[in-house]
1. Quantify, in whole percent, the carbon and sulfur part of the accessible surface of the chain (1.4 Å probe; protein heavy atoms only).
2. Under the rule of -39500 (n - 2.57) per DSSP H run of 4 or more residues, summed and divided by the residues of the chain, what mean residue ellipticity at 222 nm is obtained, to the nearest 500 deg cm²/dmol?
3. Mind pulling the angle between the C-alpha long axis of helix 14-24 and the longest principal axis of the chain? Nearest 10 degrees, somewhere in 0 to 90.
4. What share of Cα pairs, in percent, lie more than 18 angstrom apart in segment 52-159?
5. List, in order, the whole-Hz ³J(HN,Hα) value for each residue of segment 167-174 obtained from phi through the Karplus relation with A = 6.51, B = -1.76, C = 1.60 and θ = phi - 60°; use x for Gly and Pro.
6. Taking a ≥ b ≥ c as the square roots of the eigenvalues of the Cα gyration tensor of the chain, is the shape rounded (a/c under 1.5), prolate (a/b larger than b/c) or oblate?
7. Go through segment 76-89 residue by residue and turn each phi into a ³J(HN,Hα) via Karplus (6.51, -1.76, 1.60, θ = phi - 60°); whole Hz please, and just put x for glycine and proline.
8. What whole-number value in Å² describes the accessible area per residue of the chain for a 1.4 Å probe?
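The values are calculated or read from the model by the stated rules, or taken from the named source; none is laboratory data. Quick caveat: nothing in here was measured; it's all calculated off a predicted structure. In this analysis, Cβ positions are derived from the backbone assuming ideal geometry, glycine residues included, and neighbour counts consider all displayed protein chains. SASA here: full protein model, heavy atoms, side chains in, ligands and nucleic acids out. Shrake-Rupley method; radii C 1.70, N 1.55, O 1.52, S 1.80 Å.
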Amino acid sequence: MLRIGLTGGIAAGKSVVSRRLAELGAVVIDHDQLAREAVAPGSVGLDRVVEAFGEEMLAPDGTLDRPALGTRVFADDDARRVLEGIVHPEVRRLSAEREAAAVARDHRAVVVHDIPLLVETGQVDTFGLLVVVDAPAGLRVRRLVETRGLDEKEARSRVEAQASDDERTAAADVILDGTGSDDDLRAQVDALWSRVAAEAADEELVGE
């Protein structure tokens, strides 16, 4: 099995990379999705979020009001750390379960952990290959404004709440350029996948 860590700043193009890796045959474990599961209705995680931040974090149907929570934590470093302390341990438990299931199905699986805050949460050394999708902060702010409807102040706050571009690229084994089109980014993923497949084949030959 090859464990790949995939990360990148918000709006850098990581979701394009993640989708393409899944299309090529990787088992992609989306830690954003796991984070949603960790605070689903009825979960201990959701109870702890409400305890920490108040009933106003709940939508009328009893689910987590994610926009309200996002506005609260992205403007407050202390609040964000409290939220991370609630969600991250549960996400790691769920991701370990998903990985174990993938390996049980195929011991040669390529398992990609799609983790927005991989560098921030100290997981750099836990992967055989660390892939970073890189795009300048200014471009990412513009994308958040134009494609996700955020105002510039909120967009900049979300970008600045993450690790710096330099911190992410310093940790990377592979850097993918997210400044171009989606097709350009997918072509880079295809080239990476060809390299990974070739290296895996060489390792199997050595092991025979």
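1. On the way: 5510 of 11000 Å².
Exposed carbon and sulfur together represent 50 percent of the surface.
2. Counting only the DSSP helices, I get -18500 deg cm²/dmol.
3. With rounding to tens, the tilt is 40 degrees.
4. The proportion of pairs with Cα distances above 18 Å equals 65 percent.
5. 5, 5, 5, 5, 8, 6, 8, 9
6. Numbers: a/c = 2.22, a/b = 1.40, b/c = 1.58.
Oblate is the answer for the chain, as a/c is 1.5 or above yet b/c matches or exceeds a/b.
7. Each residue of segment 76-89 in turn: 8, 4, 5, 5, 5, 5, 4, 4, 4, x, 7, 8, 4, x Hz.
8. For the chain, the solvent-accessible area averages 53 Å² per residue.
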